Structure formats: structure tokens, C-alpha cells
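One structure is given here, and the rest of the page talks about it.
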Amino acid sequence: MKPRLEEKVSATQTAFEVCVIGGGATGAGCALDAQLRGLKTILLDAGDFASAASSASTKLVHGGVRYLEQAVKNFNLEEYRMVKNALRERLYMLANAPHLAHPAHFLVPVYSWARAAYYLAGMKLYDAVAAESNLFPSRFLSRRETLNRMPGLKSRGLRGAVCYSDGQFDDARYDLALIETFVTAGGSALNYARVSGFERNDDGMLSAATVRDEVSGEMFSVAVKKFVNATGTGADKIRSLANPMLAARMRPSKGVHLLFSAGTFAGRDALLVPHTEDGRVIFALPWQGRLLVGTTDDEVTPATRMVVTKDEAEYLLRQLNPYLESPLRRQQVLSGMAGLRPLVAAAHGKTATSRLIRDHEVELDSSSGLISILGGKWTTHRLMAEDTINAVQREMGVPVTATKTKQHLLAGAVGYDKSFSNDIEKEYSLPADVAQHLTGKFGAAALKILELLKENPSWNRRIAAGLPAIEAEIVFCIRHEMAETVEDILARRTGVQFHGWNEAIEAAPRVAELLAQEKNWGPSRTASAVSEYMRKIYAFLNELSLDEATK
Ligand SMILES: Cc1cc2nc3c(=O)[nH]c(=O)nc-3n(C[C@H](O)[C@H](O)[C@H](O)COP(=O)(O)OP(=O)(O)OC[C@H]3O[C@@H](n4cnc5c(N)ncnc54)[C@H](O)[C@@H]3O)c2cc1C
């Protein structure tokens, strides 16, 4: 990515064909698809890229076994098609960024033979729906094999487990890789650029966006032929700016995750808890050296806050603990995340959010020309983008050309292979964990980070004791990935915050110093960058009554 100020100046001087509003999975996918089809495109996000739902997911590249169960039970063809599409998209997602996404085995433990038969039949159906897109065939594991693979599972009454396949990925970095690929293809991307209004032609069609630079507070304008609204749960606001007559469609639902030490539940496979109090499923997954447990599904109310509450943590533990030999406790939580699903409802629908179909919808508002892409899920972001840009081309009156995103390697994937981590470990005499971390987050672009060590060899220091993230990585994210705040770096670009709130607190002052060096900040701005970040982390710690001493 270019430096932010340079990109902003060029945004005000260029006439774009397409402006994508929102830099989460959906917007990043749309921008890449449009630019690869030759449409001059700009992507604007009000905050940081991937700062909303797109970094708060369960990190599954999946069709959704629960959605398939719902489709079968309710004879719902629409939901069946959604699962089928997602299973096909799963393959594209895994292949286009192998450093960020990989297949995984999921175990569903069973404590009765009737359940074993039910789950095995369900997973065989999942395989059949995936057909040629299937990753590995599902199978039944004996009690002994199950306990070998997942020794922390409650053994009393265990018959075995049904093992099936899906994908896992690094959501925040996948989003950044989509945006980097888009910029490499000639697109312009700007974070902290909030669309706050529109200008119109004489016929009422949107012709420019009024944008607020959330870093400087300045307002500027971007001239565009077609606008795509990909703002997730913010979609209704943009729709009403374009046309105040449009009825609200979004039904956001909150979901939280908790992270524990990986040692609390050893094993390389993911656990699916097949039944919860509210008739859903939850997961406990090995993820980047931690155990990721989630998620909840709660209707958003005016009282909803974007932290993990004690009730939410206790709920997750109540669902998971009956399956564990050693129950987990709230005091063992190392980190957590909260996000809002951008679910879309039929007008006046009363269905519970957990029952809403995770399908997407492309909506055209003919009186303003705004195209909104609503709903969907991470796994289907590419298909959502394809459908959206088809609509953009139709509305522009140009031929609809084929998408180029099905097989398009993302940034970091070109030149990457499985031996990459070992190669750089040897070549640059790196500790193994640092080499694995850099390759796992940046793929082949890890080389660009290591090049920075020529400029300043001391940037090989870790940003906090025991963490694999090094200072050169922070400098790279500031110079080349538009990182503006401590949180941009610790949460989304390096993943330190999701590894542990404690480590994030330890690393924050040094990250702020590096930001200050690179951006010429004075001491007061540097200090406020740290305190602003600490406030956010302490909001989580206080909510769960965790103080630093407990960890
Ligand atoms: C708890 C949870 C678990 C999930 N698990 C999975 C999973 O395992 N697998 C899966 O496939 N999917 C999963 N999902 C769904 C998936 O994460 C979302 O569908 C996806 O991330 C939505 O992306 P988005 O770009 O539409 O929205 P968002 O990521 O919310 O992005 C919208 C962006 O629009 C920007 N924006 C808003 N207003 C403006 C404005 N005025 N101007 C400019 N920008 C603006 C915001 O800053 C934001 O960055 C999960 C979701 C949640 C919440």
C-alpha cells in the first residue's frame, strides 16, 4: 500500500469508476474484483481495514454444518444452496492464500451410538454436498483414536468422534492481503476515511462522496460513477444517506470469542460442541498457539457493548466444559474479541438472528444508483463480490465480464511454499518461532520485513518478551500497510492482542514509540496513543474482572 497521505491526495484528483465503501471482507473482495475487471476503483473505510466483523470471526472457511442441518430440517432450498456455494468458495479461499488459510480436522465427540449414527450421516451429507470441493472424507473415530487426538476430552461414556473437514484462516490478515492485492492491481485504498454524505447529478444519481479524514478531521470529496455499499452492519446508514426512503434491513447479531492457553486443551484438531442451550453449535479450535472458543449469537440492543461480558464468557464455558476432562474457568481467559454479524432480514422479519440465513443480497436503489451488498459471510466474500460487480457493470451499461478472482493468488502467496519458513530461518538466522510467525502472517512478503534489518539491525528485537513479533514487522506495517494506531498493529496486523491482553499491554509503549519515530509524533501524541489503547484493553479486563495479576 502507498503512504496514506499520498493516497488521499491522489483520491481527490482522480475520477474513479467505482467506489467501494467499507474495507471488511466484503468491501475488500468487491474492490479487488472490480479492479481486476479493469474498473478504476477506490476503497474507503471509516476505521481501520478489517476492524469490524472481519477480524472477529470464528476464523472458519466453511459451508456450515449447522446451516446444512437447518436446511434439511426446514426443507430450505435457499439455505442448502448457500451451504453448497460456501463449500465451493472454501476451496478458492484456501488456494488463493495458502499462508493464511488451511484445511483442518474437526471432531464431534459422541456419547451415545444413536448420536454417532446421526452425526456421521450428517457429515456424510456435508461431504456429498461439497462433492468435488470436499477436502477429506468424514469418518468415525474409535474411542481410543479420539482420545489420542484429543486427550483433554471427557472420557467417561465417550464412544468416539465423527471427524470431518473444513478450513481455518487468519481473518484480519486475509482482509489485508485482499487489499494489498487490490492496490497492486492499480486500486486506491484509504482507511480512516468515513463517507458522511453524497453529491448528486441533476438526475439525482450519486456522483461524489463527501469523506471525513478521521485522522486529521479534514473533509474531502471523491468523484465516482458507481458506489458500492459494503459497510456490514453500517449498511442501513449509507442506504439512508443515499435514499432516506429506504427501510432498514440489517439485523446485527453479536458474537464473542475467548482465547485460552493452547495447553488447556491439547491436540491439533478442532472440537465442535454439537448442541448448545440455544440450539446452536460452538467451537474450540487451536488457533495461532491459543485455544479459540466461540461463539455466541445475540440480538443487538441499545445496551450492547463491544466487549466480552461475564455472562457471555460464562455461557461459552457452560457449553464447552461438559466435554472437557478439566473444565476451563473465566480466570484463565487470556484474550477475547467481540463482533457484530451483518445479518440481513426480510423486511419486518421477526426470526431470531441465530435462525437467519447467512446468505447475501445485492440491492440496487434505482433512485440514487447505490448498490448495496448485504449479509453473507467471510467464506462467501468472493462470490458476493462477483455478484456485486456483475451488478455494477450492468448498471454502468457496460458488458458484464468474467470475474478474475477465482484463481488469483493474494499478496504474500506469490513465491510462498511450505518450506518458506525453514528457508528464511536458515538464511536470516532467525529463531524458528519468529520465522513461522512472519511467514504465517505475511507469506513471501516476510522477505520485505527482513530487508528492513539492513536499515536497522536492532529491529530484530521482539516487541514483548516471548512473542514472535519483531520490531521490523511493526515498521513494515506503518510504512506499507497504513497502520495508524497501536491497535491497528497489535490487533489486526500482528495478532498480538488476540494472543494475550497482557502481552499487548507490554508491547504497546514500544509500538507507540515506533509509530512516533515513523510519523514524527511529539511526546504527548505518543502518550495519548498508548493510553487510548490501554483504555480499550482495560475495558475487556475490567468487564471480565481479570486483573493483570491473575494471568
Ligand atoms: C462472531 C462472528 C463469527 C463469525 N464467524 C465466521 C466464520 O467462522 N466464517 C465465516 O465465513 N464468517 C463468519 N462470520 C461472518 C463474517 O465475519 C462477516 O460476514 C464478514 O466479516 C462481514 O464482512 P463485511 O465486510 O460485510 O463487514 P465488516 O467486517 O463489518 O466491515 C464493514 C466495514 O465498513 C466500514 N464502514 C462502516 N460505515 C462506513 C462509512 N460510513 N464509510 C466508510 N466505511 C464504513 C466499517 O469501518 C467496517 O470496516 C462471523 C461473524 C461474527 C461477528
Give me C19, C30 ranked fewest to most by other Cβ atoms within 10 Å of their Cβ, as a rough exposure proxy.
C19, C30
From the Cα gyration tensor of segment 12-131, with a ≥ b ≥ c the square roots of its eigenvalues, which class applies: rounded if a/c is under 1.5, or else prolate if a/b is larger than b/c, or else oblate?
prolate
So for F220, F442, fewest C-beta neighbours within 10 Å to most, what's the order?
F220, F442
Which of the three applies to the chain, rounded, prolate or oblate, going by the alpha-carbon gyration tensor with a ≥ b ≥ c and a/c under 1.5 meaning rounded?
oblate
Amide proton proximity set for D417, modelled H, under 5 Å, gap of 5+:
none
What is the order of H360, H499, fewest Cβ neighbours within 10 Å to most?
H360, H499
How charged is the neighbourhood of R212? Take every other residue with its Cβ under 13 Å from the Cβ of R212, and add Lys/Arg as +1 and Asp/Glu as -1.
-2
Can you give the extra length, in nm with one decimal, that the chain gains between K426 and E361 once fully stretched, where that is 0.36 nm per residue apart less the Cα-Cα distance?
18.5 nm
List the lysines whose Cα sits under 29 Å from the Cα of K519, skipping any in the same chain fewer than 8 residues away.
K2, K8, K441, K448, K454, K536
Just subtract the alpha-carbon distance of V398 and A95 from 0.36 nm times their residue separation and send over the number in nm, one decimal.
106.0 nm
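Computed from the coordinates by the stated procedures, all read-outs in this text should not be read as laboratory data. This is a predicted model, so every value here is computed, not measured. Note that each Cβ is placed from the backbone with ideal geometry, even for glycine, and that neighbours are counted across all protein chains shown.
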